[in-house]
Ligand code: NAD
């Protein structure tokens, strides 16, 4: 069994980006909108900012309390869209319940949509037609599998979870890589049977211990995207790692797997948007 070391690859990507960003006269800038009071979101936003600053990017966080009106956020995004000094805009999800997520996300100019969540960029991904950005977590998953020379072409891949953030864009990326993709979700019947047919299982549900050793075939590849907390507050994923690792050929750990890849891809997306907006080559 080989552990797919996301932390190591993320550090390699970040080191490469750091060198490229150091050479720029103007630094890429990211604006982050935080409109919820979820403690986990606050930590994610802080971590993203820390990494962006560490790499020499500019980072601006716009925090709102629960009294914020949708129009205030829309006006801010319209202002950021026009601001030549801002290359990337991210609205941290989830937003406060009274805010229309689709409307807010789709106010972001596609060329500044660092998460790739606008309808334009999602449509491009669906048509395999060069989106400005690819969603960070799915992008990180594909990069990590490729780093270990794992072939996707013709593989039976089960993606568990159908969110707009992870499951759906990931399935499209895998289809574009010629995989045979099955999407499973909370209404899927006989998840075990579905998983037993898979060469690769990618679980993104947030359900602790959903994937057990008897649900995977021998030498399957298992990617764990889930993040939840155990009773002792330790971070854990969707996979029963200790038992599944003995049967899998490759497996991602939590933490140290897909989490660091997501942050590395966010900075990479910011840098790539900066290049596109300034008509520079990669
Ligand atoms: P979400 O809540 O939007 O979607 C969860 C999905 O899981 C749904 O499609 C649901 O149908 C499915 N699901 C729930 N219970 C299930 C079950 N018992 N069997 C099969 N399917 C089930 O979540 P999301 O935003 O896609 O995130 C999923 C998980 O991934 C969360 O734990 C989140 O914290 C984590 N996440 C991690 C990263 C990272 O960088 N590692 C990034 C994004 C999300």
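The numbers here are math on the coordinates, done by the rules we state, and not lab data. Keep in mind it's a predicted model, so treat the numbers as computed, not measured. Heads up, the Cβs are rebuilt from the backbone with ideal geometry, glycines too, and the neighbour counts pull from every protein chain shown.
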Note down the Stokes-Einstein diffusion coefficient of segment 28-177 in µm²/s, whole number, using a Kirkwood radius over alpha carbon pairs, 10 °C, and 1.306 mPa s. 96 µm²/s
What's the Kirkwood radius of segment 226-265 in Å, using all Cα pairs? 11.1 Å
How far apart, in nm, are the 7 Å Cα→Cβ label points at residue 209 and residue 67? 4.5 nm
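Would you list 215, 261, 1, 183 from fewest to most Cβ contacts within 10 Å?
Working: 215 23, 261 27, 1 12, 183 17.
Exposure proxy ranking, most exposed first: 1, 183, 215, 261.
Mind giving me the FRET efficiency for residue 127 and residue 276? R0 is 22 Å, r the Cβ-Cβ distance, nearest 0.05 is fine.
Values: r = 19 Å, r/R0 = 0.85.
Calculated value: 0.75.
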Dimensions in Å of segment 132-172 - Rg and Dmax from alpha carbons: 10.5, 28
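Indicate, rounded to the nearest 5 percent, the antiparallel portion of the DSSP beta bridges found entirely in segment 192-282. Mind showing how you got there, number by number?
Values: 2 of 9 bridges.
Here the antiparallel bridges make up roughly 20 percent for segment 192-282.
So what is the diffusion coefficient of segment 1-91 in µm² per second by Stokes-Einstein at 4 °C and 1.567 mPa s, using a Kirkwood Rh over Cα pairs? Provide the component values of the computation, followed by the final result.
On the way: Rh = 15.0 Å.
It diffuses with D of about 86 µm²/s by this estimate.
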Percentage relative contact order, segment 83-241, counting C-alpha pairs under 8 Å, at least six apart: 15 percent
Quick calc, residue 79 & residue 164: beta-carbon distance into FRET formula, R0 22 Å, rounding 0.05, result 0.30
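Starting from the Cα gyration tensor of the chain, multiply each eigenvalue by 5, take the square root, and state the resulting semi-axes largest first in whole Å. Mind showing how you got there, number by number?
Working: eigenvalues 201, 86, 67 Å².
Values for the chain, descending: 32, 21, 18 Å.
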Using a basic spin-label model with each label point 7 Å from the Cα along Cα→Cβ, how many nm lie between residue 98 and residue 37? 1.3 nm
Using every alpha carbon pair in segment 166-282, what percent of pairs falls into each 5 Å bin from 0 up to the bin containing the largest distance? 2, 11, 17, 21, 19, 13, 7, 5, 4, 2, 0
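Would you mind telling me the antiparallel percentage of the DSSP bridges in the chain, rounded to 5? Walk me through the numbers before you get to the answer.
On the way: 2 of 31 bridges.
Given both bridge residues lie in the chain, the antiparallel proportion sits at roughly 5 percent.
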From Cα pairs below 8 angstrom and at least 6 apart in sequence, can you work out the relative contact order of the chain, rounded to a whole percent? 22 percent
